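Participant: Starting off with a structure, shown below.
The values are calculated or read from the model by the stated rules, or taken from the named source; none is laboratory data. Please read these numbers as outputs of a predicted model, since none were measured by experiment. Methodologically, a virtual Cβ is constructed for each residue, glycine included, from the backbone with ideal geometry; neighbour enumeration extends over all protein chains shown.
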Amino acid sequence: MTKSVFTTSGDTTVAEVAKSLLHGRFGSALVMEGSWLVGIFTERDVLRAAAAGADMAASPVSEWMTSDPVTVGPKTDSEEAADLMLAQGFRHLPVVEGKQITGIVSLRDLLATRLRRS
């Protein structure tokens with residue numbers, strides 16, 4: 001799990017978030033409404049918006065994000081997280097404890113864990 005999580009609000013533009021993803025080397029942004037997780041916006045969402053011809057400087061991420069993303073708790077093991085991500089077809093999985101975001105798991109994190117075990 002990566003504890004450093006990039007967050008944004010739903011009204012931030014796709015262009016602004018894409019720039020932050022690139023500069024911060026993040027693969028996703030958790031979309032927050034106050035302290036509530038309301039969505040996840042990923043690199044794939046940037047591509048979907050671009051392919052649809054959206055005005056990236058005017059379109060809010062809320063139009064392109066995945067609402068109410070699947071989450072796991074901090075005690076979820078790497079195998080369970082990998083199975084869930086593969087079954088659902090996504091590469092980023094928010095980790096929450098109660099209502100608090102504690103991190104995010106990416107396929108890169110899971111691969112690194114598997115390589116260390118080998």
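Participant: Quick check: anything in region 95-109 small (Gly, Ala, Ser) and assigned to a helix (DSSP H, G or I)?
Facilitator: no
Participant: Which one of Ala29, Ala81 is small (Gly, Ala, Ser), outside any strand (DSSP E or B), surrounded by 19 or more Cβ atoms within 10 Å (Cβ to Cβ) and under 16 Å from the mean Cα position of the chain (by Cα)? Show your work before the answer.
Facilitator: Details: Ala29 fails: outside any strand (DSSP E or B).
It is Ala81.
Participant: So Phe26 fits all but one of (1) of a type in the set (Phe, Trp, Tyr); (2) under 30 Å from Arg117 (Cβ atoms); (3) in contact (Cβ under 8 Å) with a residue 60 or more places away in the chain; what number is the exception?
Facilitator: Of the numbered conditions (1) of a type in the set (Phe, Trp, Tyr); (2) under 30 Å from Arg117 (Cβ atoms); (3) in contact (Cβ under 8 Å) with a residue 60 or more places away in the chain, the odd one out for Phe26 is (3).
Participant: Same structure, new question: Which residues, counting only those in region 32-59, are among the polar types (S, T, N, Q), surrounded by fewer than 17 Cβ atoms within 10 Å (Cβ to Cβ) and touching a strand residue (DSSP E or B) at 6+ places or on another chain (Cβ under 7 Å)?
Facilitator: The first filter runs over region 32-59 and keeps only residues among the polar types (S, T, N, Q), leaving 35, 42, 59.
Now narrow it down to the ones that are surrounded by fewer than 17 Cβ atoms within 10 Å (Cβ to Cβ): 35, 59.
Once the filter is applied, which keeps residues that are among the polar types (S, T, N, Q), surrounded by fewer than 17 Cβ atoms within 10 Å (Cβ to Cβ) and touching a strand residue (DSSP E or B) at 6+ places or on another chain (Cβ under 7 Å), region 32-59 yields only Ser59.
Participant: Considering only region 1-26, state which residues are closer than 20 Å to Val105 by Cβ and assigned to a loop (DSSP other than H, G, I, E, B).
Facilitator: Met1, Lys3, Ser4, Val5, Phe6, Arg25, Phe26
Participant: Could you tell me how many of the residues in region 51-73 are on the phi < 0 side of the Ramachandran plot and either of a type outside the set (Gly, Ala, Ser) or not in a loop (DSSP other than H, G, I, E, B) (or both)? Walk me through how you get there before you give the answer.
Facilitator: The first filter runs over region 51-73 and keeps only residues on the phi < 0 side of the Ramachandran plot, leaving 51-52, 54-67, 69-73.
Still in the list and also either of a type outside the set (Gly, Ala, Ser) or not in a loop (DSSP other than H, G, I, E, B) (or both): 51, 55-56, 60-67, 69-72.
Number of matching residues: 15.
Participant: Still on this model: From (1) of a type in the set (Val, Ile, Thr); (2) in contact with a strand residue (DSSP E or B) (Cβ under 7 Å, 6 or more places away or on another chain); (3) more than 19 Å from Arg25 (Cα to Cα), pick out the condition that doesn't hold for Thr113.
Facilitator: (2)
Participant: If you don't mind, there's one more thing I want to ask. I need the full set of residues from region 84-118 which are more than 14 Å from the chain's Cα centre (by Cα), within 21 Å of Ser9 (Cα to Cα) and not acidic (Asp, Glu), in order please.
Facilitator: Gly98, Lys99, Gln100
Participant: Can you confirm whether Asp77 is at pLDDT 95 or above and of a type in the set (D, E, K, R)?
Facilitator: Spelling it out, it is not the case that Asp77 is at pLDDT 95 or above and of a type in the set (D, E, K, R).
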